1. Suppose the filter is under 11 Å from the mean Cα position of the chain (by Cα), among the small types (Gly, Ala, Ser) and at pLDDT 90 or above; does residue A:122 pass it?
2. Picking from C:300, C:318, C:363, which residue would you name as being more than 17 Å from the chain's Cα centre (by Cα), in contact (Cβ under 8 Å) with a residue 60 or more places away in the chain and not in a loop (DSSP other than H, G, I, E, B)?
3. For region C:250-268, what are the residues that are in a helix (DSSP H, G or I), open to solvent by 50 Å² or more (accessible area, probe 1.4 Å) and of a type outside the set (A, V, I, L, M)?
4. Out of (1) hydrophobic (A, V, I, L, M, F, W, C); (2) without any contact (Cβ under 8 Å) to a residue 24 or more places away in the chain; (3) within 14 Å of chain A (Cβ to nearest Cβ), the odd one out for residue B:120 is which?
5. When you go through (1) in a strand (DSSP E or B); (2) out of contact with any Cys (no Cβ under 8 Å at 6 or more places or on another chain); (3) open to solvent by less than 50 Å² (accessible area, probe 1.4 Å); (4) of a type in the set (D, E, K, R) one by one for residue C:63, which number turns out not to apply?
6. In this structure, does residue B:222 turn out to be under 28 Å from residue B:18 (Cβ atoms) and of a type outside the set (D, E, K, R)?
7. Please pick out the residue among B:308, B:281 that is closer than 30 Å to residue B:75 by Cβ, in contact (Cβ under 8 Å) with a residue 40 or more places away in the chain and of a type outside the set (Ser, Thr, Tyr).
Amino acid sequence: MNQAYDIPLALNKMAGQLAELGEDYLKNSAMVGIHTGGVWIAQQLHAMTKLEKPLGELDISFYRDDFTRIGMNPQVKPSQLPFSVDDQHIILVDDVLQTGRTIRAAMNELFDYGRPASILLAVLVERSGRELPIDADIVGLNLTLADDEHIKLNGPDNLSLEINRTA
Amino acid sequence: MRKASLQIRKDGRLRHFLSIEGLNAALLQEILDTAESFAGVSAQSIKKVPLLRGKTIVNLFFEPSTRTRTTFELAAKRLSADVLNININASSTSKGETLLDTLRNLEAMHVDMFVTRHSLSGTSHFIAHHVEPHVSVINAGDGWHSHPTQAMLDMFTIRREKGADFGRLTVTIVGDISHSRVARSQINALNLLNTGEVRVVAPRTLLPAGIESLGVHVHHNLRDGIKDADVIILLRLQNERMLGATLPGKHEYYRLFGLTNDNLSIAKPDVTVMHPGPINRGVEIDSQVADGPHSVILQQVTNGIAVRMAVMSMAMQHNTGEEDV
Amino acid sequence: MSESIRLAIEDGRLIDPANNRDEITNLYIADGKVLAIGKKPDGFRADQTINATGLTVIPGLIDTLVHLREPGHEHKATIDSECRCAAANGITTLICRPDTSPVVDTPAVVELIRHQAQLTAKSRVFSVGALTRGLKGEQLSEMAALQEAGCIGVSNAQQPLASSLVTRRALEYASTFGLTVFVYPDDHALSEKGCLHEGPVATRLGLPGIPEASETVAVARDIALVEQTGAHVHFCNITTRRALRMVGRAMFDNISVSADCSIPHLFLTDVDTRNFDSNYHLIPPLRSQSDRDGLRTGLAEGAISLICSGHQPHEPDAKLAPFPATEPGISGLDTLLPLTLRLVDDGLLSLSQAISRLTEGPAKMLNLPYGQLGEGAIADICIFNPKKPWILSHNTMQSRGKNTPFMGWEMNAHVRYTLRDGQIIFNAENDL
């Protein structure tokens, strides 16, 4: 079911919060989106904040903690990080923050590449259901959803949010 | 039709990878797609992913093979698995432990996967029948029967070179089909992927009885066999063949069946030349062809790692569950 | 020597092909022989009466190809275990092969086997002696001595003979004493490393094949040598249509040869060896469908006058390995009678013909005084229930060896009593 969430408004709010971090910070930081929805959001934010460093993309399929249960996703694309991770300030971007496991996997993967100076988390949607001690620094939308409701970002054009009830 | 078989679990996922026979086209495509993602990993600066961390993979080789064992070892390590290499001389097994006892002893050390190679056909099936439910078996070659990972890396290579539509391809396999587990697996895979035409070329002493029943056209003349071929796969000619009254010698074999630039021109202009290796220069293939622009022999080796990573990770999946966000 | 009892077997369906008999009647046994059929003789008082209502009464079966594994391979089975098994399955006479360890090439080994069988006091056992010393295929064995010790024939089992000259000499020497030579037709050079019939199945499984020619070449050569030497050769366990045709033609031309086939080859083919199941590993191998059909036709037409089990019991380890490394052979005593009767259900033979292949046929070929139940005949008798099917399983098999691809098959003959020399050697109520 598609809700009429105002995504451009949410993105603007996020870009504004990023701007508050200061020009120096933004000049030296690198943005990384998490496939697939996080990349779409990051592409928008990257253009809006005019970051200097090119956008990085992370596929966390190989770092998931539920691999032996749900198995392989055959459509994995390799991660692209067109900058050195060592001593880098990183803005990690994802579409939905729920349990926190995706962010945990993304951080593990980043640390395999090097030692970042800091990681800041920006998400379009923050919702209830955390299972790990992970929090977002920048949030576009706070949503309260029932346990059996699942939210999904559709894109890359005409970004929209869809809520489904899991059976 | 989804039902459990020795190699496939009830939910359709791979459990053992023993032979192409017994699998379905969808599963083969899934292996190829999964291999694509791992191919990217090997090209990254970070060549390791933690997918199989904490898992123990045993390379149980009863037949010596540095090449194959090394690629399996590398593939396992790139998945962050722990690897154990066990080389057992076939003769020492017959003097001492039975195959089953060797297996039980290793299983008692809580391993997760066996990669097996043996000189007797049917060995990996036998091992798969006798392992614990949570253990997977990958066949790295059993006798003349099957070498499914080689076939898959060959299919992967063909797909990369020629695209996903095998239906428009003519693929010719040249050499000792009789004694080749690689050829049998390749023929099975090509047919499962609906290849347009599969041909074999060999003298009669190198063709097994009823080979047509596997779904190939038989040629005894190289030029007939490779005419307008899109892919030519050459098999290694082993020295034993000359000793066993199967062939008169390398010289006549090369003259009749060796691939040279000259007879290569009969195939399609963009023909792809493949060989599972190691190559016998000047016997089944000329150096000029092996090192020439049509040859993808080295790419096959690279692709072998990604394909083996794919097969190992697919076989390690155990149950279905909810996806976590 | 235990005293024989007087027995009456009443109201059973007596099927005795040798004497053209198939009727519900009574049988009276005394002194280990058939005293009378039909009407009770005057003054006859039975010590024991068997009520055979609803049961079939036939001569005790003669199995011409069994491996008893003793001496030498007692971890697989023993004379005791297999004679008991035979008795439980209506088989009263067993012909065992010389490839024991030591080989049956001296009277001492013949005597050892005979003695052991006698101790067991179940089915009787005759040995086939070794054709060459140690079965090595080079030097002739002392065939006369073996014959005097009780061997009913000679054979080189499945071991090759060194050359056609040795084969010729061996045939000539054996025929000096009227000894039948039992030949397992196989050209060793052609079949040497094979473990499956050479054909599409072996190709698919990547297993070295045994070509049809390995049997036909050997049969052709030996038929020619029989013509040359005048010996008598019995080809054991024919598996190919072509070889059978050669034997049939030779028999028609009055050349002194005969042939048998074993139960597995009448039912199974190479296609059944799916997925490397070692229960189907057999030498000579299971052949093509066309070969099986050829054997079945030959059986029906009489070119094959006897069926054997090919009994080769194994311990479990022998079959627990990759296919080519397993030992070939099927444990066949338990299935000989039921599967022969299944050929009747398949419309291949009449009941009388089927029973003849297990009784009269072997007796005639071996020149043994068994296999029939006329007046005065030795009382070897099998009484079974044709309407009590049972399933072949680990528990229901009597042999020590459980290696058979017929596990789970329905067996349609349940042996109730077996008598040898008028003695009850098996009674289903007591002995199971």
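1. Details: under 11 Å from the mean Cα position of the chain (by Cα): yes; among the small types (Gly, Ala, Ser): yes; at pLDDT 90 or above: yes.
Criteria met by residue A:122.
2. On the way: C:300 fails: in contact (Cβ under 8 Å) with a residue 60 or more places away in the chain; C:363 fails: more than 17 Å from the chain's Cα centre (by Cα).
After applying the criteria, what remains is C:318.
3. C:252
4. Of everything listed in (1) hydrophobic (A, V, I, L, M, F, W, C); (2) without any contact (Cβ under 8 Å) to a residue 24 or more places away in the chain; (3) within 14 Å of chain A (Cβ to nearest Cβ), residue B:120 misses just condition (3).
5. (2)
6. On the way: under 28 Å from residue B:18 (Cβ atoms): no; of a type outside the set (D, E, K, R): yes.
So residue B:222 does not fit the description; no.
7. On the way: B:281 fails: in contact (Cβ under 8 Å) with a residue 40 or more places away in the chain.
Selected residue: B:308, the only one of B:308, B:281 that is closer than 30 Å to residue B:75 by Cβ, in contact (Cβ under 8 Å) with a residue 40 or more places away in the chain and of a type outside the set (Ser, Thr, Tyr).
Table: residues versus (1) modelled with pLDDT of 95 or more; (2) surrounded by fewer than 23 Cβ atoms within 10 Å (Cβ to Cβ); (3) in a helix (DSSP H, G or I).
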position: B:233; (1), (2), (3): yes, no, no
position: B:242; (1), (2), (3): no, yes, yes
position: B:245; (1), (2), (3): no, yes, no
position: B:248; (1), (2), (3): no, yes, no
position: B:299; (1), (2), (3): yes, yes, yes
position: B:304; (1), (2), (3): yes, no, yes
position: B:314; (1), (2), (3): no, yes, yes
position: B:319; (1), (2), (3): no, yes, no
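The values are calculated or read from the model by the stated rules, or taken from the named source; none is laboratory data. Bear in mind that the values here come from a model prediction, so they are computed numbers and not experimental data. Every residue, glycine among them, receives a Cβ derived from its backbone with ideal geometry; neighbour counts consider all protein chains shown. Heavy atoms of the whole protein, side chains included, go into the accessibility calculation; ligands, DNA and RNA do not. Shrake-Rupley method; radii C 1.70, N 1.55, O 1.52, S 1.80 Å.
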